[in-house]
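*Asks:* The following block contains the structure, expressed as structure tokens.
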Amino acid sequence: MTMSRLRLTDRALVRVTGEDWRGFLQGLLTQDVETITPGVLRYGALLTPQGRLLVDLFLLGTEDGLLLDVAADRREDLIRRLAMYRLRSKVVIAADEAGVFAAFGDAPGAGWIVDPRLPALGWRGYGLAIDDTVGRQAWDAHRIALAVPDMADFGEDATYPIEANLDLLNAIDFKKGCFVGQETTSRMKRRGVVKSRMLPLRFAGQAPAPGAEVLNGELRAGVAASGVEGLALGLMRLDRIDGALTVEGRSVEVLKPDWL
């Protein structure tokens, strides 16, 4: 497979620095911040107190703090929320305008970091001076086939992180101690009862509209999320993924990636 790369224009960066940045973020995010060192990239999220996803994010250690890689249309809200939690913590929170890049296929060389969610996804890059070699649809098809959602798939305050596969994508450190939304998240993990997960759907033709119902006979089996031609993600009830499934009147098949 040849190397494919592109700038993710729907992602943006927030820089967090100051002497208290570790303790400040450690109590908020699902990922362990205390052990991040410069150049280390991890995946995590900020949840509501009730345990639903507000925003997913990558955490890149820098010499003086952390870069947070977030959905571009959620950046200002994230800055506002972090400022609200700051209180007397000595931290500086600011937008950073460096670009966010993804690569998959053959190894892209120096300046790239393996995607912490899943090695098969490829690599992440920041502030690089490169040209795109593929379009966004190629990237979306790649991640959807691997059952990896992004912000467009799980929305804001609508989905639990385990439903979005974040527990299996290295986004949640269940041993780190308290974080916002921990109680609900830990209880779901401890009980081992997961009723729904994001799964790839295969069908003929254009992707169904986001929010379209996936039916198992006359029963609601799930709901479609983002997609490309022939492939989409769906938040699916695990007890209804076998059988004759349809979406918008078309036959649809649930795919089960080996890693999931």
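What follows is calculated from the coordinates using simple rules that are stated; it is not laboratory data. No experiment lies behind these values; they were computed from the predicted model shown. Note that we place each Cβ from the backbone using ideal geometry, even for glycine, and neighbour counts take in every protein chain shown.
*Asks:* Give the Kirkwood hydrodynamic radius (Å, one decimal) of region 178-254, defined as one over the mean of 1/r across all pairs of different Cα atoms.
*Replies:* 13.2 Å
*Asks:* Roughly what angle does helix 75-86 make with the longest principal axis of the chain, taking Cα atoms, 0 to 90 degrees, to the nearest 10?
*Replies:* For helix 75-86, the angle is close to 50 degrees.
*Asks:* Oh, and also: Can you give the local net charge around ASP20? Use residues other than it whose beta-carbon is closer than 10 angstrom to its beta-carbon, Lys and Arg +1, Asp and Glu -1.
*Replies:* So the environment of ASP20 carries a net charge of +3.
*Asks:* Okay, next question. Just report the Cα centroid separation between region 86-165 and region 1-71, whole Å.
*Replies:* If you average the Cα positions of each part, the centres end up 10 Å apart.
*Asks:* When the label point is put 7 Å from the Cα of THR246 along its Cα-to-beta-carbon vector, which residues of region 186-215 have a backbone N closer than 12 Å?
*Replies:* In region 186-215, the label zone of THR246 (backbone N under 12 Å from the point 7 Å along Cα→Cβ) covers 214-215.
*Asks:* What percentages, rounded to whole numbers, describe P(r) for the chain computed over all alpha carbon pairs with 5 Å bin width beginning at zero?
*Replies:* 1, 6, 13, 17, 18, 16, 13, 9, 5, 2, 1, 0
*Asks:* Next question. From the phi of every residue in region 203-212, what ³J(HN,Hα) in whole Hz does the Karplus formula 6.51 cos²θ - 1.76 cosθ + 1.60 yield, where θ is phi - 60° and glycine or proline is x?
*Replies:* Listing the rounded values in order: 7, 9, x, 5, 5, x, 5, x, x, 5 Hz.
*Asks:* Could you go through region 226-241 in sequence order and give the Karplus-derived ³J(HN,Hα) for each residue, using 6.51 cos²θ - 1.76 cosθ + 1.60 with θ = phi - 60°, rounded to whole Hz, and x for Gly and Pro?
*Replies:* Result, rounded to whole Hz: 6, x, 10, 4, x, 8, 8, 8, x, 7, 10, 6, 5, 8, 10, 8.
*Asks:* Continuing with the same structure: For the residue pair ALA110 and ARG190, what label-to-label distance in nm results when each label sits 7 Å from Cα along the Cα-to-beta-carbon direction?
*Replies:* Rounded to a tenth, the inter-label distance reads 4.9 nm.
*Asks:* Please give the contour-minus-distance gain from THR9 to ALA95: 0.36 nm per residue of separation, less the Cα-Cα distance, rounded to one decimal in nm.
*Replies:* Stretched fully, the THR9-ALA95 segment lengthens by 29.5 nm.
*Asks:* Here's something else I'd like to know. Could you tell me how many degrees, from 0 to 90 and to the nearest 10, lie between the Cα long axis of helix 182-191 and the main elongation axis, the longest principal axis, of the Cα atoms of the chain?
*Replies:* Around 40 degrees separate the two axes.
*Asks:* For region 48-196, give the magnitude of the charge dipole about the Cα centre (Cβ charges: +1 Lys/Arg, -1 Asp/Glu; no others), in debye to the nearest 20.
*Replies:* 960 debye
*Asks:* Now, a different point. Using all C-alpha to C-alpha distances in region 38-81, build P(r) with 10 Å bins and read off the rounded percent in each one.
*Replies:* Histogramming region 38-81 at 10 Å steps yields 27, 51, 21, 1 percent.
*Asks:* Just to confirm the number: angle between the C-alpha axis of helix 136-145 and the first principal axis of the chain, 0 to 90 degrees, nearest 10?
*Replies:* 70 degrees
*Asks:* Of all alpha-carbon pairs in region 111-260, indicate the percentage at a distance above 29 angstrom.
*Replies:* Beyond 29 Å sits 22 percent of the P(r) for region 111-260.
*Asks:* What number comes out for the charge environment of GLU183, summing +1 per Lys or Arg and -1 per Asp or Glu over other residues with Cβ under 12 Å away?
*Replies:* The answer is +3.
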